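S.K.: Have a look at this one before I ask anything.
Quick note: the coordinates plus some simple rules give every number you see, no bench work behind them. Quantities reported herein were computed from a predicted structural model and do not represent experimental measurements. All Cβ positions, glycine included, derive from the backbone under ideal geometry; neighbour counts span all protein chains shown.
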Amino acid sequence: EDQVTQSPEALRLQEGESSSLNCSYTVSGLRGLFWYRQDPGKGPEFLFTLYSAGEEKEKERLKATLTKKESFLHITAPKPEDSATYLCAASGSARQLTFGSGTQLTVLP
Amino acid sequence: NAGVTQTPKFQVLKTGQSMTLQCAQDMNHNSMYWYRQDPGMGLRLIYYSASEGTTDKGEVPNGYNVSRLNKREFSLRLESAAPSQTSVYFCASSEEAVVFAQGSPLHFGNGTRLTVT
């Protein structure tokens, strides 16, 4: 059974304090690893897709990386507007998409 | 661009009542999905429609039915609501179905918050 585990569940940072969110996955035949951002009362918003170990993608202060067992979402010099819940999801050869339960990020001014 | 639109935004039902959640997308996507999101759990797939005219069960289909009305619209029906169906329901769409392709990203609506008392 495919599994996706995110840590930590919650993270509080000061503005400008860089950190990383972790997504561990157990998926046979990874077809794609997705990162989404979810604001309170809204639906998830797509950020990145990673397909193979070693791949990296960047968008503003966010950089997503992928290994054979984990993905990291690095946040450099975060701002209060980066506060949100970040979700990862993995798609494997079982042909389903498995979501983690998310990391709730709070960036304090 | 409206993207994915869900109605209603909020709903309160009594046990045993029925209702239909509506979803429409204007991105000309082929595939549409219904998920539920509960505290501390990941999004769980209820039903999906890989293309117009087809529907398939997801991880948690019991107590739900769906209709792919046309390429734009995908509705979710609760025939006899139960307190265990209290949740936030999200509709999503993608160019291709996760099942059949590499996995194009999902585009989500803003959800329907359903409470069953």
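S.K.: Using a Gaussian network for chain B with springs between C-alpha atoms less than 10 Å apart, which of these wobbles most: B:LYS14, B:LYS71, B:LYS57?
M.R.: Of B:LYS14, B:LYS71, B:LYS57, the most mobile in the Gaussian network model is B:LYS14.
S.K.: Normalised by the residues of chain A, what does the relative contact order come to in percent, with Cα pairs under 8 Å and at least six apart?
M.R.: Relative contact order comes out at 38 percent.
S.K.: In chain A, what is the count of Lys pairs whose alpha carbons are under 19 Å apart, counting only pairs at least 8 residues apart or on separate chains?
M.R.: Value for chain A: 4.
S.K.: Same structure again: Taking only Cα atoms and a 10 Å spring cutoff, compute GNM fluctuations for chain A and point out the largest among A:SER24, A:SER52, A:SER83.
M.R.: A:SER52
S.K.: Let me ask another. Give the average, rounded to an integer, of partner chain Cβ atoms located within 10 angstrom of each Cβ in B:41-52.
M.R.: Shielding by partners across B:41-52 averages 3.
S.K.: Once the dipole of chain B is set up with Lys and Arg at +1 and Asp and Glu at -1 on Cβ about the Cα centre, which of B:HIS29, B:GLN85, B:SER51 lies farthest towards its positive end?
M.R.: After comparing all options, I get B:GLN85.
S.K.: Turning to a different aspect of this structure: Relative to the Cα centre, what is the charge dipole magnitude of the protein assembly as shown, using +1 at the beta carbon of each Lys and Arg, -1 at the beta carbon of each Asp and Glu, and rounding to the nearest 20 debye?
M.R.: 400
S.K.: While we're on this one: For a label point 7 Å from the Cα of A:GLU15 along Cα→C-beta, name the residues of the stretch A:80-109 whose backbone N is under 14 Å from it.
M.R.: Answer for this model: A:80-83, A:107-109.
S.K.: Normalised by the residues of chain B, what does the relative contact order come to in percent, with Cα pairs under 8 Å and at least six apart?
M.R.: About 35 percent, as a whole number.
S.K.: Using a Gaussian network for chain A with springs between C-alpha atoms less than 10 Å apart, which of these wobbles most: A:TYR51, A:TYR25, A:TYR36?
M.R.: Evaluated over chain A, the most mobile residue of the options is A:TYR51.
S.K.: If R0 is 25 Å, what FRET efficiency do you get for A:ARG95 and B:SER84 from their C-beta distance, rounded to 0.05? All intermediate terms of the calculation are to be shown ahead of the outcome.
M.R.: Working: r = 27 Å, r/R0 = 1.08.
That pair, A:ARG95 with B:SER84, gives E of 0.40.
S.K.: Determine the dipole magnitude for chain A: charges of +1 sit on the beta-carbon of Lys and Arg, -1 on that of Asp and Glu, nothing else is charged, the reference point is the Cα centre, and the result goes in debye to the nearest 20.
M.R.: The dipole of chain A has a size of about 220 debye.
S.K.: Cα centroid distance between the stretch A:53-109 and the stretch A:11-44, in Å?
M.R.: 3
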